[in-house]
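Visitor: My questions will all concern the structure given below.
Derivation of every value follows stated rules applied to the coordinates shown; laboratory data play no part. On a predicted model such as this, the values are computed, not experimentally measured, just so you know. A quick note on method: Cβ atoms are made from the backbone with ideal geometry, for glycine too, and the neighbour counts reach across all protein chains shown.
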Amino acid sequence: MKIELYGLRLPEVKPGDDLARLVMNAASEEAGGIRNGDILVITSKVVSKAYGFLIRLSEVKPSRRALRIAEKTGGDPRFIQAVLDNSDEVLFILPFAKLVEKGVIRTEKMSRNITGAYEAIKKAPYTLIVRRGGQIYSDAGLDSSNHPEGVVSIPPENMDDYAREIRRRILELTGRRVAVIITDTEMWFSFGSLDFARGSSGIEVIHKGFGDPDLYGKPKFGGVDRIADEIACASALLMGQTDEGIPAVIIRGYKYAESEEGVSDYQLSWDAIRHAVKEIIKSSIKILGFRWIFKIFIK
């Protein structure tokens, strides 16, 4: 089996642009056009630009809550207000600068430009982790990178809808049936960041192989690969995070199961997550004893 990845360089995307047409033109130059069975992976930032999901911080008026949080964190109160405006609930605050200061996060392990790293940390010493539209985001997904100063993009709330629209438009323009995945980069607990699928259309999001036999005929406790997320991570190898200028990737040759489902079909509600955490803690205490909770959370 051979899988090919083609990075697509797009012109600067502006509100109102026909994103599918821009992708089609880039695919003609970089990938011999769009073909049936291709998977188009595209960043949420470009979707936000095309559909006008942009915020000018100069037009944001901070509330008392935003001012209070800004005073305690050193953040921009306008940016904090924009996060609050686009969040359902603030879950917790990640003290990034404090973690660097205490050596929990070591800048030399994540940057060759230590001076630039400290400048970035100074601008964003704390990160708000929030719930938004059934998903968890850092700073509600607001992103200022590769935007003019004072402008941030905000991801659309239901990106499955936008993936479906882009897929439909490509079919209309080219007559080709493709799958579309919209991605976003997030911090991850394994140190660093990963790209995740935030929306999709035309592809099975999760491989439904739980219980299928392994090589020895035993039912597998697994086989539930998050296909859309794995594709997002593969595409990120070409997209990068800084000045690569490749916001879209075509993946060709991967045999996927077609589906009308989307990423949102596999989101646990926040109530379900809370219930799961409670059951995990109760089971751990029951089996491992009360000393476990002191060892894990208090040590």
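Visitor: Run the quick spin-label model on residue 158 and residue 204: label points 7 Å from Cα toward the beta carbon, then report their separation in nm to one decimal.
Guide: 2.5
Visitor: Report the calculated FRET efficiency for residue 186 and residue 256 (r = Cβ-Cβ distance, R0 = 25 Å), to the nearest 0.05.
Guide: On the way: r = 23 Å, r/R0 = 0.93.
My answer for the efficiency is 0.60.
Visitor: Further, regarding this structure: Over all directions, the average projected area of the alpha-carbon convex hull for segment 1-99 comes to how many nm²? Working shown, then result.
Guide: Numbers: hull surface 42.0 nm².
If I average the Cα hull's projected area over directions, I get 10.5 nm².
Visitor: Something else: With each pseudo-label sitting 7 Å past Cα toward Cβ, what's the residue 218-residue 168 distance in nm, one decimal?
Guide: The modelled label-to-label distance comes out at 4.8 nm.
Visitor: With only Lys, Arg, Asp and Glu charged, each at its Cβ (+1 for the first two, -1 for the last two), find how big the charge dipole of segment 4-267 is about the Cα centre; round to the nearest 20 debye.
Guide: Values: 35 positive and 39 negative charges, 122 e Å.
With Lys and Arg at +1 and Asp and Glu at -1, about 580 debye.
Visitor: Dipole of the chain (Lys/Arg Cβ +1, Asp/Glu Cβ -1, origin at the Cα centre): which of 235, 105, 16 lies farthest to the positive side?
Guide: Looking along the dipole axis, the top candidate is 105.
Visitor: If you don't mind, there's one more thing I want to ask. Work out how much length residue 296 to residue 111 would gain on full extension: take 0.36 nm times their residue separation and subtract the Cα-Cα distance, in nm to one decimal.
Guide: On the way: separation 185, 0.36 × 185 = 66.60 nm, distance 2.98 nm.
Answer, rounded to one decimal: 63.6 nm.
Visitor: Along Cα→Cβ, 7 Å out, is where each label goes; now give me the distance between the ones at residue 59 and residue 272 in nm to one decimal.
Guide: The modelled label-to-label distance comes out at 3.6 nm.
Visitor: At a 10 Å Cβ-Cβ cut-off, how would you order 12, 30, fewest neighbours first?
Guide: On the way: 12 8, 30 16.
So the residues, fewest neighbours to most, are 12, 30.
Visitor: Among 156, 247, 11, which one shows the highest mean-square fluctuation when the chain is modelled as a Gaussian network with alpha-carbon springs under 10 Å?
Guide: Between 156, 247, 11, it is 11 that shows the largest mean-square fluctuation.
Visitor: In terms of Cα to Cα distance under 16 Å, which lysines are near enough to residue 2, apart from those fewer than 8 places away along the same chain?
Guide: Hits, sequence-local ones excluded: 255.
Visitor: For segment 89-152, which GluC sites (Glu not before Pro) pass both filters: DSSP loop (anything but H, G, I, E, B) and at most 16 other C-beta atoms within 10 Å? Let's see the in-between values first.
Guide: Working: sites: 89, 101, 108, 119, 149; in loops: 149.
Sparse-neighbourhood loop GluC sites (Glu not before Pro): 149.
Visitor: Taking the Cα atoms of the chain, what is the range of coordinates along each of the three principal axes, in descending order and whole Å?
Guide: Projected onto its principal axes, the Cα set of the chain covers 59, 57, 37 Å.
Visitor: In addition: By how many nm would the segment from residue 85 to residue 177 grow when fully extended, if each residue of separation counts as 0.36 nm and the alpha-carbon distance is taken off? Let's see the in-between values first.
Guide: Numbers: separation 92, 0.36 × 92 = 33.12 nm, distance 3.70 nm.
Full-extension gain reported as 29.4 nm.
Visitor: Using 0.36 nm per residue of separation minus the Cα-Cα distance, give me the extension gain between residue 283 and residue 237 in nm, one decimal. Provide the component values of the computation, followed by the final result.
Guide: Details: separation 46, 0.36 × 46 = 16.56 nm, distance 3.92 nm.
Length gained, residue 283 through residue 237: 12.6 nm.
Visitor: Residue farthest toward the positive end of the dipole of the chain, with Cβ of Lys/Arg at +1 and Asp/Glu at -1: which of 142, 288, 82?
Guide: 288
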